[in-house]
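Step one of this worksheet: look at the structure below.
The values are calculated or read from the model by the stated rules, or taken from the named source; none is laboratory data. Keep in mind the model is a prediction, meaning the values are calculated, not measured. Cβ placement follows ideal geometry from the backbone for every residue including glycine, while neighbour counts extend to all protein chains displayed. Each accessible area value is taken on the protein alone, full model and side chains, heavy atoms only, with ligands, DNA and RNA left out. Shrake-Rupley method; radii C 1.70, N 1.55, O 1.52, S 1.80 Å.
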Amino acid sequence: MTSIAIPTDHLHLAPPPRWRGVALFAVLTVLYFTIGAVLMLRYNIFEGDGMSRVANASFTLMSRDPHLSAIGFVWNPLPGLVEIPILELSGLWPELRTRGLAGALQSALFMAAAALFVRRIALDRGVSDLWRRAAVACFALNPVIIAYGGSGMSEAGMLLSLLWCTRHLLRWVDSARVSDLAWAGIALGVGYLVRYEMIPAAAGAVGLVTVITLMRSDGRARINTAILSALIVTFPIAVAFIVWALAGWIVDGELLAQLGSRYGNAAQIELARASGHTSAHGWETIARLLAMQPLIGFAVVAAAALSLLRRKADALVPLATFGSVLAFSVWGQQSGATFAFVRYYVAAIPLVIVIALVFWQPTPIHTPEWILNLPYHRLGAAFVCASLFIAIPVTGRSMLNPELGNHQLLLGIGSLLEKRTGPTDDDWYRRVLVDDRLLIDYLDRKNLPAGSVLTDTFTTWGLFQASKNPRQFVITSDYDFGAKLNRPWELGVKYIVVTQSGNAPLDAINLRYPTLWDDGAGISKLIHSGRGAFGQEQYRIYRVLKPIDDKLPAPG
């Protein structure tokens with residue numbers, strides 16, 4: 001592919017006033033946060049992973065040993081880091097911590113910023129006001145985007161990073177400016193601090209940049225130019241990867257906690273694999289992908305055809321970024337390497353919208369006349385209309401199908417919208433943390449001193465988060481957790497909270513005292529228990545006793 005001349009008059013149109021973008025960001029942030037807050041506070045509907053991220057952030061501020069590394073090294077840190085300053089306001093509004101509203105605000109900010117990048121891409125492409133607003137609405141008002149915009153999850157930050165990267169790669173395809181390559185790389189680096197899926201996105205981006213550079217360049221320098229271009233895109237995410245891995249190794253002795261830690265995703269996947277919760281059949285994967293964005297197949301074919309006709313690679317950019325993430329999700333669910341959740345296909349929504357916007361770019365002038373005369377912008381407008389009037393209703397309806405919207409947040413929203421003859425409070429996704437709060441009220445009423453209650457917050461983070469007295473807990477990130485775990489009867493621990501459900505086999509207390517749940521392990525006496533969302537006995541509180549010498553458990 002040789003260098004080509006492209007009309008650029010559309011790039012010099014007067015941009016709309018800056019206040020419009022600021023107003024859009026503010027309105028969407030309020031919208032997403034309000035919906036998330038209503039779901040959490042009024043209906044107890046939330047995504048557990050989003051709520052536990054708030055708990056991780058609260059460990060850094062409100063535990064007995066406040067320190068930044070208490071945020072943990074299993075999940076990428078950026079959502080939690082954003083939540084830390086928000087949690088400073090929990091003294092004025094306790095629900096920011098106890099009900100997870102700090103997470104809702106974090107994701108609302110990220111999702112509103114992602115919508116701004118859709119707008120910026122439309123402005124870059126010279127899209128008219130009407131169609132630009134329609135394209136932004138396709139993204140911002142999609143029911144899945146609204147749901148996850150206030151969920152506290154990491155989808156919002158991931159989409160922001162992908163759109164940020166995609167915008168600058170599109171600009172680079174037009175201009176070949178090195179600064180746009182650098183910004184695309186920075187976006188990938190920031191995105192890695194949100195989600196690990198940015199690694200396949202980076203691979204796709206680097207591959208596309210390398211191929212385009214080789215085809216654009218002439219002479220002996222083309223190989224060196226391609227390598228340098230690839231390094232510019234790769235460098236920020238490589239730095240983020242190395243720094244985050246080394247930080248985990250220095251602090252916790254785990255180079256890649258996501259893979260190597262007993263709390264990591266790999267360990268959780270291995271635990272869940274036996275129950276068949278990790279893999280999906282081919283038709284299930286396709287059904288969930290199409291449920292998220294039913295136009296994706298048409299959009300991919302249109303992008304490939306557009307690139308061939310115009311002999312220009314801009315339509316391939318969203319395939320390289322969003323498409324790589326989706327391909328990784330398909331592979332992960334087919335192979336059982338990830339959980340079979342529909343939310344992992346959320347990148348399909350902006351993929352179609354960005355492909356639609358690419359159609360507005362003028363065709364290179366060195367192309368056959370019949371290709372120049374094709375009404376490309378009308379095809380883009382058709383995709384925008386189809387996204388508004390077909391994809392959004394289909395996605396909204398599909399997410400209410402429990403076979404497709406197969407996890408806590410979407411199941412909860414579905415229970416609000418469907419006609420019921422019986423009480424909805426019996427549904428497990430409306431009961432999560434309800435009994436945890438009753439249990440923590442029992443402990444809070446005791447007015448215990450700091451360090452009195454030993455628990456592993458990998459499985460009991462909800463108790464710490466809901467407590468009005470979080471310093472009563474000895475938690476996993478505390479510096480003396482190991483010592484108090486081994487000899488709680490000597491080091492001021494009065495109670496131990498243990499669980500026997502979900503990820504309990506990975507819990508440090510269960511590993512140290514395998515019979516504690518059943519008989520107190522010779523060091524404690526059962527005094528209270530609490531139920532979980534499914535009505536099962538989930539928690540037991542044991543009062544610590546001094547063990548008989550001949551029954552003293554061996555050190556862990």
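For (1) in contact with a helix residue (DSSP H, G or I) (Cβ under 6 Å, 6 or more places away or on another chain); (2) assigned to a helix (DSSP H, G or I), each residue gets a yes or a no:
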{"residue": "Leu188", "(1), (2)": "yes, yes"}
{"residue": "Ala202", "(1), (2)": "yes, yes"}
{"residue": "Gly207", "(1), (2)": "no, yes"}
{"residue": "Leu214", "(1), (2)": "yes, yes"}
{"residue": "Gly219", "(1), (2)": "no, no"}
{"residue": "Ile237", "(1), (2)": "yes, yes"}
{"residue": "Ala240", "(1), (2)": "yes, yes"}
{"residue": "Ala245", "(1), (2)": "no, yes"}
{"residue": "Gly248", "(1), (2)": "yes, yes"}
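Flag set for Leu485, criterion: in contact with a Phe, Trp or Tyr (Cβ under 9 Å, 6 or more places away or on another chain) and farther than 30 Å from Gly91 by Cβ.
Just to be sure before I move on: is Ala315 at pLDDT 85 or above, more than 19 Å from Ala202 (Cβ to Cβ), open to solvent by 10 Å² or more (accessible area, probe 1.4 Å) and assigned to a helix (DSSP H, G or I) in the structure I sent? Here the answer is no, as Ala315 does not meet what is asked.
Picking from residues in the stretch 63-91 that are aliphatic (A, V, I, L, M) and modelled with pLDDT of 95 or more, the one that is farthest from the chain's Cα centre (by Cα) is Leu89. Listed by first and then second residue, the pairs with beta-carbon distance under 7 Å, at least 6 apart or on different chains, first residue in the stretch 303-321 and under 22 Å from Trp164 (Cα atoms), second open to solvent by less than 10 Å² (accessible area, probe 1.4 Å) and polar (S, T, N, Q), are Asp314/Gln361; Val317/Thr166; Pro318/Thr166; Thr321/Thr166. Candidates Val453, Val358, Val394: the one that is at pLDDT 90 or above and open to solvent by 40 Å² or more (accessible area, probe 1.4 Å) is Val394. Reported count of residues in the stretch 153-186, each being in a helix (DSSP H, G or I), under 24 Å from Phe341 (Cβ atoms) and of a type in the set (Gly, Ala, Ser), is 3.
Against the list (1) open to solvent by 10 Å² or more (accessible area, probe 1.4 Å); (2) modelled with pLDDT of 95 or more, the condition Leu188 fails is (1). Any chance the stretch 119-132 includes a residue that's modelled with pLDDT under 95 and within 13 Å of Ala156 (Cβ to Cβ)? Checking the stretch 119-132: not a single residue is modelled with pLDDT under 95 and within 13 Å of Ala156 (Cβ to Cβ).
Against the criterion of being touching a strand residue (DSSP E or B) at 6+ places or on another chain (Cβ under 9 Å), touching a residue at least 60 places away in the same chain (Cβ under 8 Å) and open to solvent by less than 20 Å² (accessible area, probe 1.4 Å), Ser52 does not qualify. For the stretch 455-475, the criterion of being assigned to a loop (DSSP other than H, G, I, E, B) and of a type in the set (Phe, Trp, Tyr) is met by no residue.
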